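Undergrad: Here it is, the structure in full.
Laboratory data are not the source of any read-out in this text; all were calculated from the coordinates shown. Quick caveat: nothing in here was measured; it's all calculated off a predicted structure. Using ideal geometry, Cβ is built from the backbone for each residue, glycine included, and neighbour counts are taken over all protein chains shown.
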Amino acid sequence: MLTLEYAQLQDKEDSLKRFREEFYIKPNSIYMDGNSLGLLSKRAERTLLESLNDWKEHGIDGWTNGKHPWFFLSEKLGEMIAPLVGAAANEVIVTGSTTVNLHQLVATFYKPEGTRTKILADELTFPSDIYALQSQLRIHGFDPDTHLIRVKSRDGRFIEEEDIIEAMTDEIALIILPTVLYRSGQILDMKRLTAEANRRGILIGFDGCHSIGAIPHSFSEWGVDFAYWCNYKHLNGGPGSVGGLYVNSKHFGTAPGLAGWFGSKKEKQFDMEHYLTPADSAGAYQIGTPHVLSLSPLLGALEIFAEAGIENIRAKSLNINQYLMDLINQDLHDFGFTIGNPIDDIRRGGHVSLEHKEAARICKALKENGVIPDFRAPNIIRLAPVALYTSYTEVWEVVQILKKIMTEKQYEKFKNEREVVA
Ligand SMILES: *Cc1c(COP(=O)(O)O)cnc(C)c1O
């Protein structure tokens, strides 16, 4: 029997509990949406204010002076993120956004040749990735309907690695896959898929939006060619936070498909030549001036990850998500819910994907009760207990609130439609 006392005991023994106090958590509200937009920490607020102060105090000289010199910030943050993706410091750069970085990496690494002209993705991936790939194919004069291959899901939730491997034919030039599927939370076996792609001479890149900061990665060891992600979900970098990209050092020297002066070797950039000398690092894939005020919160946010340790974060994440699933099975089995994420630890990411035909209006009722979930049409309630700031007691409360909503049919007073954002 999973009782409130059990949750309280888990909280007491939680080795990450001290980090909760570092976040702005609203009283009388339970935030279960850290996989969409992570919460503000006091440290992220501090480093943002420090950058503002550098502007105030130094003006233009803030690029090279002050507390966090802006000229080197993207490289510095790359170094801080590198351990979270399993890369060398110079293989990671904080720049652009998820979609822009995907465009850059496809422009750089998609080189259709002979019969190898197609791009392989999957039918459950995030729409922005698909739009980017379709437009990149059009730029090359290919029809996305024939040249973008989307591996089918057998059940609408998951993508089987065997099916992806089978689709790695000699017509494929490039593979783009998510590390974790944004709806079902399934982790793809990146190591296996990368080995299979490498063996066939196909380049492979991953969208890490839903795994960065939630699970450890070993991109370099696995031989992943490149990856890209946003820093505003599990990494708590703030709304519109600057994104990240990884390029395997074996590709250093590959000319950026979309060039710009911030991709220069640092010491050459201000020579102002009309001939680009790219950095010999992932820095080469930057384009223009970074959004400094959307970089600086990450300095504080990432300190927390370094202190907590990604292995510890993953361990708690698995445990607290398991606890949520166990509670759902114990208390909500009569109400028509289905757990739509993988059950095995090695296959599940950082959130629980709860399916229900009334999902949209159940989410509205949850909000009315002070719980912040997120809804993904047509029928998914995503609930993300976050290792750094969600307590077991909160998870227990969320399930009790859900049970009350279902028992009293509180959702019936809302329309079963999504709002503008979710
Ligand atoms: C959140 C997310 C994005 C968002 O892309 P932006 O360019 O940051 O708007 C892209 N892909 C996936 C898988 C996501 O989860």
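Undergrad: Only Cα pairs within less than 10 Å get springs; with that Gaussian network setup on the chain, which residue of Y31, Y389, Y323 has the largest fluctuation?
TA: Comparing Y31, Y389, Y323 in the GNM, the peak value goes to Y323.
Undergrad: Can you list the residues, at least 5 places off or on another chain, whose amide H is less than 5 Å from the amide H of M32, using H built in the peptide plane?
TA: For M32, whose amide H was placed from the backbone, the distant partners under 5 Å are I372.
Undergrad: Below 8 Å, C-alpha to C-alpha, sequence gap of six or more: please give me the relative contact order for the chain in percent. Before the final figure, lay out the partial values.
TA: Numbers: 828 pairs, mean separation 93.5, N = 422.
Relative CO of the chain lands at 22 percent.
Undergrad: Check which residues have an amide H placed less than 5 Å from R116's amide H, if you skip close sequence neighbours.
TA: none
Undergrad: Once the piece of chain linking T146 and D345 is laid out straight, how much longer is it, given 0.36 nm per residue of separation minus the C-alpha distance between them?
TA: Details: separation 199, 0.36 × 199 = 71.64 nm, distance 3.62 nm.
Full extension from T146 to D345 adds 68.0 nm.
Undergrad: Computed on alpha carbon atoms, what radius of gyration and Dmax characterise the range 133-186, expressed in Å?
TA: My reading of the Cα-based Rg and Dmax gives 12.5, 34 Å.
Undergrad: How are the Cα pair distances of the range 183-238 distributed, in percent, across 10 Å bins from 0?
TA: Using 10 Å bins, I get a P(r) of 23, 50, 23, 3 for the range 183-238.
Undergrad: Still on this structure, I have one more. Return the distance in nm (one decimal) between the two label points of a simple spin-label model at E57 and H291, each offset 7 Å from Cα along Cα→Cβ.
TA: With each label point 7 Å from Cα toward Cβ, the separation is 2.6 nm.
Undergrad: Let me ask something additional. Return one quarter of the surface area of the convex hull spanned by the alpha-carbon atoms of the range 126-245, equal to its mean projected area, in nm². Display every interim value, and only then the final one.
TA: Working: hull surface 31.2 nm².
With every direction weighted equally, the projected area is 7.8 nm².
Undergrad: Under the rule a/c < 1.5 gives rounded, and otherwise a/b versus b/c splits prolate from oblate, where does the range 240-282 land using the Cα gyration tensor? Each step should come with its number before you reach the end.
TA: Details: a/c = 2.05, a/b = 1.30, b/c = 1.57.
Cα axes put the range 240-282 in the oblate bin.
Undergrad: Using only the alpha carbons, work out the radius of gyration and Dmax of the range 291-348 in angstrom.
TA: 16.9, 50
Undergrad: R116 versus E162, label points 7 Å from Cα toward the beta carbon: distance in nm?
TA: Those two pseudo-labels are separated by 2.7 nm.
Undergrad: While we're looking at this one, here's another question. When you count, for each residue, the other Cβ atoms within 10 Å and take the mean per peptide, how do 267-277, 371-381 rank with the highest first? Don't skip to the end; give the middle numbers.
TA: Numbers: 267-277: 11.0, 371-381: 19.8.
Top of the packing list down: 371-381, 267-277.
Undergrad: Then there's this: Gap in Å between the Cα centre of the range 267-334 and the Cα centre of the range 352-422?
TA: About 26 Å separates the Cα centre of the range 352-422 from the one of the range 267-334.
Undergrad: Sticking with this structure for a sec: Can you tell me which of H210, H103, H333 moves the most in a GNM of the chain? Springs connect C-alpha atoms under 10 Å apart.
TA: With Cα springs under 10 Å in the chain, the top fluctuation among H210, H103, H333 is at H333.
Undergrad: Using the membrane-span-like helix rule (whole DSSP H runs, Cα extent along the own axis of at least 24 Å, mean Kyte-Doolittle hydropathy at least -0.5), which helices of the chain qualify? Intermediate results must be reported in sequence, preceding the final value.
TA: Numbers: long enough: 292-308 (25 Å, 1.49); 310-331 (31 Å, -0.40).
Helix filter hits for the chain: 292-308, 310-331.
Undergrad: What is the fewest-to-most order of M32, M1, M406, M325 by other Cβ atoms lying within 10 Å of their Cβ?
TA: Working: M32 24, M1 5, M406 20, M325 16.
Starting with the residue having the fewest Cβ neighbours, the order is M1, M325, M406, M32.
Undergrad: Further question: Based on the Kirkwood radius over alpha-carbon pairs, what is the Stokes-Einstein translational diffusion coefficient of the chain at 4 °C with 1.567 mPa s viscosity, in µm²/s?
TA: Details: Rh = 22.4 Å.
My calculation gives 58 µm²/s for D.
Undergrad: Please report, in whole Å³, the volume per residue of the convex hull around the C-alpha atoms of the range 13-83.
TA: Convex hull volume per residue, Cα atoms: 140 Å³.
Undergrad: If you project the alpha carbons of the range 188-308 onto their three principal axes, what span does each projection cover, largest first, in Å?
TA: 44, 39, 22
Undergrad: Kindly state, to the nearest 0.05, the FRET efficiency for W261 paired with L49, given R0 = 25 Å and r defined as their beta-carbon distance. Walk me through the intermediate numbers first.
TA: On the way: r = 29 Å, r/R0 = 1.14.
Approximately 0.30, to the nearest 0.05.
Undergrad: If each DSSP helix of 4+ residues adds -39,500 (n - 2.57) and the sum is divided by the residues in the chain, what number results at 222 nm, nearest 500 deg cm²/dmol? Spell out each step's value before the answer.
TA: On the way: 14 runs with 157 residues, N = 422.
When only DSSP H runs of four or more count, the value is -11500 deg cm²/dmol.
Undergrad: Describe numerically, in nm with one decimal, the distance between label points set 7 Å from Cα along Cα→Cβ at N28 and at Q269.
TA: 4.8 nm
Undergrad: Which FRET efficiency value, to the nearest 0.05, do you get for D155 and Y6 by plugging their Cβ-Cβ distance into 1/(1 + (r/R0)^6) with R0 = 25 Å? Can you show the working numbers first?
TA: On the way: r = 33 Å, r/R0 = 1.30.
E(calc), rounded to 0.05, equals 0.15.
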